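Peer 1: Got a structure here, written out as structure tokens. Questions coming.
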Amino acid sequence: MDFRLSEEQEKFRQEVRDFLEGEIKQGLWQPSCDAWIMGHDPEFTKRVSQRGWIGLTWPKEYGGQGRSFVDRLILTEEMLRYGAPAACHWFADRQIGGAIVHYGTEEQRKELLPKILKGEAYVGLGMSEPDAGSDLASLKTKAVGDGDYYVIDGQKTWTSGGSRMNWIYLVARTDPDAPKHRGISEFIIDASLPGIAVQPIVDITGGVHFNEVFFENVRIPKKCLIGEENRGFYQVLNQLDYERSGMERLMANYPLFKALIQYTKETKRNGKPLSEEPVIRSKLAQLKIELEIGRLHMYRVAVVMDEGRAPNWESSMSKAYGTAFEQRLANTAIEILGLYGQLSPQSKWVPVQGMAYHSYLSSKGYSLQAGTSEILKNILALRKLGLPTG
Amino acid sequence: MDLALSEEQEMLKKMARDFLTDKFPKTVVKEIEESELGYSPESWREMAELGWMGLALPEKYGGGDMSFLDLAVLLEEMGRACLPGPYFSTVVLGGLTILDAGSEEQKQEYLPKIASGETIFTLALTEFSARYDAAAIETKATTDKDAYILNGTKLFVPDAHVADYMLVVARTDEKSKGEEGITIFIVDAKSPGISYTVLKTIANDKLCEVVFDQVKVPKENVLGQLNQGWSEVQKIIQRTAVAKCCEMVGCIQQALDMTVDYAKERKQYDRPIGSFQVIQHYCADMVTDVDGTRLSTYQAAWMLSEGLSCTQEVAIAKAWAGEACQRVMALAHQIHGAIGVTIDHDLQYYTRRAKAAEVSFGDANFYREIVAQEMRL
Ligand SMILES: Cc1cc2nc3c(=O)[nH]c(=O)nc-3n(C[C@H](O)[C@H](O)[C@H](O)COP(=O)(O)OP(=O)(O)OC[C@H]3O[C@@H](n4cnc5c(N)ncnc54)[C@H](O)[C@@H]3O)c2cc1C
């Protein structure tokens, strides 16, 4: 057993930190919460790409670096620690590239992977539908074969980053007569094709983050199919393991944690900094403990992936744990900020740049997206613990 | 023991539910929230005509002669409807305080105008420390012939931008930093030297920063006893905390009702999600929290109404309500799935208000300390 990172890995962490700190110093962006999913900055993504930090874990033959998942976790952990605007490439780097490496044809790899590596693929994940949330397999959007084409009709919803995407990773029904899990296929399509309409949905924070996406008679070339026709659902399950696996499920609000600690040091009550009050110390220390437990979960997931296994129940555990932590962080932050905690980012006197307000509202969705905590705990109960189904 | 509402209270509740449902659909709430005024003058008049402003005021001041407990019933419905505007400020912060601490002359002057809906009141209590203790009061009132001169800044003052009068808690004895030397003033909110900034808040309610710069207040506008105002402030905080709890009961009751309805309707895996045991347990946890909040809130409201001493009961109610609201709203969101985290869904109105209510007029830590004191720890 060895919990240490290697010397190279520590060096790598330092390199990432130096890069990010340099960027902040130059005033290129400011750390913010949820920046991995809401911080769209094409230029930043380009600079990350130039460093070879997209596709870190992909095989070298496809332009990747062939590095470990622990290495990638170090990279993403630092991105999150600094609240870096990495949303343009995050999805493609996290799960789409891997899916193409795994299930794609040689032609698809040659065509699609370089675009992801260059940081030019802004992918929206077109899975959920109004009536197909947790029960994804009941999706209705259909892809009907027509010569060299499929014709897509239907609707997706909650598509994160949908108003910026240039690719859609789409899950659609290709065999309406088969049992529902066995008639689904995966596609990667150009988001600008005629017949695709994106309608933003304003979320609870007042921001525009997810979208409805409508497909009407959209003709896509057959080569957009990823993997085997009608086996898509099993590919999706595998991909979801990766979607759930990362540090973004624990540290999306790390800038808030950092700012909160700073706030308690700088804010005095009865002549003493808040950080010296036993109740506040205890609360912040508890958050730290919970964060460190969460990090161990996350590193375990990466180690599992490095062993060549899909992190199935492990990422269910870490995601459910991590998102609950983030919700507690937001609540504790508002508790410590008291009346000030209710001020919005645009208000006079708002502390910690309104991050507490944002996180409180935003974190309500964390335990829903990429699989609700209930579904994740079902997975844990069944697959990890072997409990019987009802 | 009798835990039921009286027939009259049931009628009031029903009337309030019908009126508020009719007048304040969420589209209207949204419009009002986004407006500068933060309330609808037209509905304000209608509420006054229904006798709501003076509900708990004596008849001789134009009131309805009903009790604080009756008011509690109405406040619960207002919480359920997410009623925006200065009702709470005017009636709970202003009216009940004047009724409790005002001279006969002051009561005769202000209460009828409150009851008729003519004037809007609020309370300017908290300052930069955002704490509800006496040490927090730094706004100064110094004497100047037959007047006082106010200087200082108040924060989180609800509805100050539309108020006609403000009850201002200020320090009249500079030498003291504690509970001694605090006085409450009735201040004409349009006096020269007062300026407002509306803060932007999670509940989209209109909390203001109010700056007093050499504001002149006539001596007869002292409310209650000079230098002895803190004990009245404590009563205000107590009463207001219970009134907040009433709104919170309405808030989480509605969130629960919406959630149970949704759990019956929404189908995944070919069955209502409410048939999954985890969802059933969530709903069971929610209703337990709602009922605990309701029971402790009404216990405190009843005791206040009866004039019984209830420091511990109030503390228990607000400490519990604040955290119970958070648990209930978290589960409501969890059960609603993604649809609940959109701005167009009604749930977010409750989520935002529950958070504001949790921190207003004492959070759980504040009241746990009071409970600890009551336990003689
Ligand atoms: C911020 C955000 C971003 C998102 N981004 C995307 C995206 O980019 N692309 C995309 O495709 N989707 C996205 N989603 C959608 C997300 O995947 C769904 O919200 C999620 O799968 C749940 O579906 P639902 O919201 O329809 O809830 P439902 O499935 O209707 O669930 C409602 C409740 O029932 C529970 N439930 C359902 N089935 C069971 C069961 N079998 N056992 C126990 N409990 C159950 C759920 O846990 C939940 O509590 C996003 C969602 C959010 C909130």
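The values are calculated or read from the model by the stated rules, or taken from the named source; none is laboratory data. As the structure is a prediction and not an experimental result, all values here were calculated from the model. Cβ atoms come from the backbone with ideal geometry, glycine included; neighbour counts cover every protein chain shown.
So that you can scan it fast, the table gives a plain yes or no per residue for (1) out of contact with any Leu (no Cβ under 7 Å at 6 or more places or on another chain); (2) within 10 Å of the ligand (Cβ to nearest atom):
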site	(1), (2)
A:Ser347	no, no
A:Val350	no, no
A:Gln353	yes, no
A:Asn378	yes, yes
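Peer 1: I'm trying to understand the selection: among the residues of the range B:278-332, which are touching a residue at least 12 places away in the same chain (Cβ under 8 Å) and hydroxyl-bearing (Ser, Thr, Tyr)?
Peer 2: B:Tyr282, B:Thr293, B:Ser296, B:Thr297, B:Tyr298, B:Ser305, B:Thr311, listed by residue number.
Peer 1: In the list B:Lys175, B:Lys200, B:Lys190, B:Lys107, which residue meets the criterion of being at pLDDT below 95 and outside the structural domain of B:Thr240 (by TED's automatic domain parsing)?
Peer 2: B:Lys175
Peer 1: Find the residue count for the range B:190-208, including only residues that are over 30 Å from B:Thr351 (Cβ atoms) and assigned to a strand (DSSP E or B).
Peer 2: 2
Peer 1: Taking interchain pairs and intrachain pairs at least six residues apart, which have beta carbon atoms under 8 angstrom, with the first residue in the range A:352-369 and over 13 Å from A:Ala252 (Cβ atoms) and within 7 Å of another protein chain (Cβ to nearest Cβ) and the second part of a loop (DSSP other than H, G, I, E, B) and among the small types (Gly, Ala, Ser)?
Peer 2: Correct list of pairs: A:Tyr357/A:Ser344.
Peer 1: Checking the conditions here, which among A:Trp167, A:Trp158 is within 14 Å of chain B (Cβ to nearest Cβ), within 16 Å of the ligand (Cβ to nearest atom) and aromatic (Phe, Trp, Tyr)?
Peer 2: A:Trp158
Peer 1: Only one of A:Ser6, A:Ser32, A:Ser68 is free of Cβ contacts under 8 Å to residues at least 24 places away in the same chain and of a type in the set (Ser, Thr, Tyr); which?
Peer 2: A:Ser6
Peer 1: Could you please let me know if A:Lys377 is touching a residue at least 60 places away in the same chain (Cβ under 8 Å), within 14 Å of chain B (Cβ to nearest Cβ) and of a type in the set (D, E, K, R)?
Peer 2: yes
Peer 1: Given the conditions (1) of a type in the set (S, T, N, Q); (2) more than 10 Å from every other protein chain (Cβ to nearest Cβ); (3) surrounded by fewer than 17 Cβ atoms within 10 Å (Cβ to Cβ); (4) over 15 Å from B:Gln254 (Cα atoms), which single one is not true for B:Gln299?
Peer 2: (3) is the only condition that B:Gln299 fails.
Peer 1: For A:Pro194, only one of the following conditions fails: (1) under 20 Å from A:Pro130 (Cα atoms); (2) at pLDDT 95 or above. What is its number?
Peer 2: (1)
Peer 1: Tally time: how many residues in the range A:189-213 are within 14 Å of the ligand (Cβ to nearest atom) and more than 30 Å from A:Gly354 (Cα to Cα)?
Peer 2: 2
Peer 1: Surrounded by fewer than 24 Cβ atoms within 10 Å (Cβ to Cβ), within 22 Å of A:Tyr234 (Cβ to Cβ) and of a type in the set (A, V, I, L, M, F, W, C): does that describe A:Leu170?
Peer 2: Judged against the criteria, A:Leu170 is not a match.
Peer 1: Now for a separate question. Among (1) away from the ligand (no atom under 16 Å from the Cβ); (2) buried (at least 22 other Cβ atoms within 10 Å of the Cβ); (3) more than 14 Å from chain A (Cβ to nearest Cβ), which single condition is B:Met286 missing?
Peer 2: So the condition that B:Met286 fails would be (1).
Peer 1: Next question, about the same structure. When you look at A:Arg72, is it closer than 27 Å to A:Val218 by Cα, more than 16 Å from the ligand (Cβ to nearest atom) and not in a loop (DSSP other than H, G, I, E, B), yes or no?
Peer 2: It is false that A:Arg72 is closer than 27 Å to A:Val218 by Cα, more than 16 Å from the ligand (Cβ to nearest atom) and not in a loop (DSSP other than H, G, I, E, B).
Peer 1: What are the residues in the range A:186-213 that are away from chain B (no Cβ under 14 Å) and surrounded by fewer than 17 Cβ atoms within 10 Å (Cβ to Cβ), if any?
Peer 2: A:Asp190, A:Ser192, A:Leu193, A:Pro194, A:Gly195, A:Ala197
Peer 1: Residue check: is A:Ser362 at pLDDT 95 or above, within 16 Å of the ligand (Cβ to nearest atom) and of a type in the set (Ser, Thr, Tyr)?
Peer 2: yes
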